Amino acid sequence: MELEHAPTSVNLPLPRTHRKRWLRVVTGEQWVQRLLIVSVLMCLLVGILFPLIPILTRSFSNQQEEFVGLANYRDYFSRPALSRSFANSMSVSVITTIVAVFLAFGYAFALTRTQMPGKPFFQAAAMLPLFAPSMAYGIGLVYLFGRKGLVTTGFLGYLESVFGFPMGYDIQLYGMTGIILGEVLYCFPQALMILVVAANLADARLYEASLVLRATPLRTFFTVTLPGVKYGLLSAVFVCFSLVFTDFGVPKVVGGNFNVLATDIYKQVIGQQNFVMGSTISILLLTPTVLAFILDRIIQHRQSVAFGSRAVPLQPKPNRWRDTAAFIYCLTIAVAIIIVIGTVGVAALVNIWPYKLDLTLRHFNFTGMGGGGYAAFWNSLKMAGLTAVFGAVFTFMCAYLIEKTKELTLLRSLMYFLSMLPMALPGMVIGLAYIFFFNPLEWKIGSFFTIPNPLASLYGTMAILVLSNIAHFFTVSFLSATTALKQLDGEIEAVSASMGVPFWLTFWRVTVPLCMPAILEIAMYYFVNSMVTVSAVIFLYSPELKLASVAIVNMDDAGDTAAAAAMSVLVILSSVAMRMVYHFISKNMLQRTQAWKLRDAD
């Protein structure tokens, strides 16, 4: 049956769902998400990317800010004293990386593949260097292997009196030897954390197959164990190389006349006020770390693809000889770490080393010292606390906008790139870049055009110190937040949206409580690293805002090594105390925010 008056399709109104995409109505919630994405992106640009522009342009300019091309780089490599620093940095980084990764691999193997006793103790001892400034390792080595050190003098002549002949041994600490020893302590816990994670991903089925095929333990090691952790090994290599190549603290204390790039930047900027050469060296310092970062990203991507979802966790079986050997190995390394860190505490308590060994607290009286005393220590606590709070909030917000929102895809991709960039930026490069970006009252664009700098008021304040620390340690925190958010089912946001619940309400009532363990860990990470860092803030602190880590450097320069050791002890104790407070707070808070896990377990 035909309809005589059927309307044509031209006369039918188009339903709202069939209108062109560019005509769709953007809700208020979407506008809020877009505004947040743009705001966070601008913060990332100002805090990370934009400051790198002036340091790059300065490396191609002279003191009058006139373009000179590669003249500064030719000048650098034409000076043997300067160019030798690049070779020194490379050689120290390569040797330290090999030693640290080798030691950490054996330690990680013992923690994950054996049934040796005392694993909690060994894990805590291995992580102890994370709570100390890198200068503290150098100070501990000075009191052990320096000219009047315990080992150098045969425990102050005690061994000679016992055995009848000199028992001291001079390792020639100041120079390459001392830097390598200090950097191994610095990198060891970083490599260990990576390798422990890699070792825990072992698939027990492969070992069962090897056992069935009657492969020898050595063959199993080379055909199963090493291939299973190869990506972790390579990642540990790149991380250690970057840390050593850019570290300032250890070479500053025990480097002597053995110059490296990090100390050269300090001498050029602080000692000679030569910002042009400082910028040139900064770019040279940046190049190897960028390459290492890129390779590390490629390796981590391959690791995530290669890991199977059906892997069975490996449960090590008791083996008397293997467990005993692992115990002795870990005990040796743990005792070495404790001795170096403990020596710093002893140095802070001894009256006059090595002549008056009676205990005293006078080195904790910083009156008259050049470092700033307790005011510097309280400033560091304040800076670390602010960095922990604002850093954790901003990092988690950035990760949430990237992972859980769908607006402005291109801008979110740019945010992700900027979030990964700080991993490749040495702290001293960030500090110097902030000088060029925040200090001028006007930004010069081209040869004749200038605009006022609205951020100049931040220079010399606590805000710029906090900002530099957030930028310096942003990537690791961001990856932690992203990992936590990826573990949440996407249906949470979908169900909330279908019920008309605003995204910010879901974020506050659901996402934040579920991710609270990660947020607290991020805050703790920011706090500890802000307390011990020196490279990023040494160019940015003002006379009114001296910091504990910088005070250690200044007191060591002035020859007040015992006072520097005392300040190091305060930093270590405050970091350990904050870690204990963190455990107490997290335990009580997680009982409320993670109660659903307990119900599921029951």
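Just to check your reading of the model, which residue among Tyr186, Tyr143 is assigned to a helix (DSSP H, G or I), in the same structural domain as Thr343 (by TED's automatic domain parsing), over 23 Å from the mean Cα position of the chain (by Cα) and touching a residue at least 12 places away in the same chain (Cβ under 8 Å)? Please lay out each step first, then the result.
On the way: Tyr186 fails: over 23 Å from the mean Cα position of the chain (by Cα).
Answer to the check: Tyr143.
The residues on offer are Thr450, Thr506, Thr511, and the sole one that is crowded, with 19+ Cβ neighbours inside 10 Å and more than 30 Å from Phe131 (Cβ to Cβ) is Thr511. None of Leu285, Leu243, Leu295 is assigned by TED's automatic domain parsing to the domain that holds Phe77, part of a helix (DSSP H, G or I) and modelled with pLDDT under 85 except Leu295. I need the full set of residues from the range 522-555 which are of a type in the set (S, T, N, Q) and assigned to a loop (DSSP other than H, G, I, E, B), in order please. If the condition is that a residue be of a type in the set (S, T, N, Q) and assigned to a loop (DSSP other than H, G, I, E, B), then Thr533, Ser535, Ser542 are the ones that fit.
Taken together, the residues in the range 318-360 that are surrounded by 14 or more Cβ atoms within 10 Å (Cβ to Cβ), free of Cβ contacts under 8 Å to residues at least 60 places away in the same chain and out of contact with any strand residue (DSSP E or B) (no Cβ under 6 Å at 6 or more places or on another chain) amount to 2. Mind listing just one residue for me: the one in the range 492-525 that is touching a residue at least 40 places away in the same chain (Cβ under 8 Å) and among the aromatic types (Phe, Trp, Tyr) and, of those, farthest from Thr27 (Cα to Cα)? Among residues in the range 492-525 that are touching a residue at least 40 places away in the same chain (Cβ under 8 Å) and among the aromatic types (Phe, Trp, Tyr), the one farthest from Thr27 (Cα to Cα) is Tyr525.
In this structure, is Thr533 of a type in the set (Ser, Thr, Tyr) and farther than 30 Å from Val253 by Cβ? Judged against the criteria, Thr533 is not a match. As a summary of the residue check, Pro316 satisfies the conditions (1) of a type outside the set (Gly, Ala, Ser); (2) over 24 Å from Val197 (Cβ atoms); (3) within 33 Å of the chain's Cα centre (by Cα); (4) at pLDDT below 85 except for the one numbered (2).
Pick from Leu156, Leu192, Leu201, Leu150: which is of a type outside the set (Gly, Ala, Ser) and modelled with pLDDT of 90 or more?
Working: Leu156 fails: modelled with pLDDT of 90 or more; Leu201 fails: modelled with pLDDT of 90 or more; Leu150 fails: modelled with pLDDT of 90 or more.
That would be Leu192, the only listed residue that is of a type outside the set (Gly, Ala, Ser) and modelled with pLDDT of 90 or more.
Would you confirm whether any residue within the range 482-498 is β-branched (Val, Ile, Thr), at pLDDT below 85 and within 29 Å of Phe293 (Cα to Cα)?
The initial filter retains those residues of the range 482-498 that are β-branched (Val, Ile, Thr), namely 482-483, 492, 495.
Restricting the remaining residues to those that are at pLDDT below 85 gives 483, 492, 495.
From what's left, within 29 Å of Phe293 (Cα to Cα): 483.
Yes; the residues of the range 482-498 include at least one that is β-branched (Val, Ile, Thr), at pLDDT below 85 and within 29 Å of Phe293 (Cα to Cα).
A search for C-beta distances below 6 Å between a residue of the range 28-48 that is among the basic types (Lys, Arg) and any residue that is at pLDDT below 95, counting only pairs 6+ apart in sequence or on different chains, returns Arg34/Glu407; Arg34/Leu408.
Which of the helices (runs of 4 or more DSSP H) found entirely inside the range 26-131 contain at least 2 residues meeting this: more than 30 Å from Met415 (Cα to Cα)? Give the steps one after another, and end with the answer.
Numbers: elements: 28-44, 52-58, 71-78, 80-113, 119-127.
Because the criterion is at least 2 residues that are more than 30 Å from Met415 (Cα to Cα), the helices (runs of 4 or more DSSP H) in the range 26-131 that meet it are 71-78, 80-113, 119-127.
Suppose the filter is farther than 25 Å from Ala87 by Cα, out of contact with any helix residue (DSSP H, G or I) (no Cβ under 7 Å at 6 or more places or on another chain) and of a type in the set (Val, Ile, Thr); does Thr153 pass it? Break it down into steps so the answer makes sense when it comes.
Numbers: farther than 25 Å from Ala87 by Cα: yes; out of contact with any helix residue (DSSP H, G or I) (no Cβ under 7 Å at 6 or more places or on another chain): yes; of a type in the set (Val, Ile, Thr): yes.
Considered against the rule, which asks whether it is farther than 25 Å from Ala87 by Cα, out of contact with any helix residue (DSSP H, G or I) (no Cβ under 7 Å at 6 or more places or on another chain) and of a type in the set (Val, Ile, Thr), Thr153 comes out as yes.
From the list Val532, Val581, the lone residue that is modelled with pLDDT of 80 or more and under 21 Å from the mean Cα position of the chain (by Cα) is Val532. Applying the selection to the range 116-128, what residues are over 22 Å from the mean Cα position of the chain (by Cα) and surrounded by fewer than 16 Cβ atoms within 10 Å (Cβ to Cβ)? Hits for the range 116-128 are Pro117, Gly118, Pro120, Phe121. If you go through the range 84-105 and keep only what is farther than 21 Å from Val254 by Cβ and surrounded by 15 or more Cβ atoms within 10 Å (Cβ to Cβ), you end up with Val101, Ala104, Phe105. Does Leu181 satisfy the criteria of being within 27 Å of Ala110 (Cα to Cα) and either at pLDDT below 85 or assigned by TED's automatic domain parsing to the domain that holds Ile95 (or both)? Yes, satisfied. Taken as a whole, the range 208-219 holds at least one residue that is among the acidic types (Asp, Glu) and either closer than 21 Å to Val569 by Cβ or modelled with pLDDT under 70 (or both).
Right, Leu488: part of a loop (DSSP other than H, G, I, E, B), in contact with a helix residue (DSSP H, G or I) (Cβ under 8 Å, 6 or more places away or on another chain) and assigned by TED's automatic domain parsing to the domain that holds Val534 or not? Explain how you work it out, then say what you get.
Values: part of a loop (DSSP other than H, G, I, E, B): yes; in contact with a helix residue (DSSP H, G or I) (Cβ under 8 Å, 6 or more places away or on another chain): yes; assigned by TED's automatic domain parsing to the domain that holds Val534: yes.
Criteria met by Leu488.
Quick check, is Gln63 more than 25 Å from Met428 (Cα to Cα) and not assigned by TED's automatic domain parsing to the domain that holds Gly278? The answer is no for Gln63.
Entry remark, the range 66-83: residues being surrounded by fewer than 14 Cβ atoms within 10 Å (Cβ to Cβ) and of a type in the set (Asp, Glu) number 1 in total.
The values are calculated or read from the model by the stated rules, or taken from the named source; none is laboratory data. Model, not experiment: these values are computed from the prediction. FYI the Cβ positions are ideal-geometry reconstructions off the backbone, even for glycines, and counts take in every protein chain you see.
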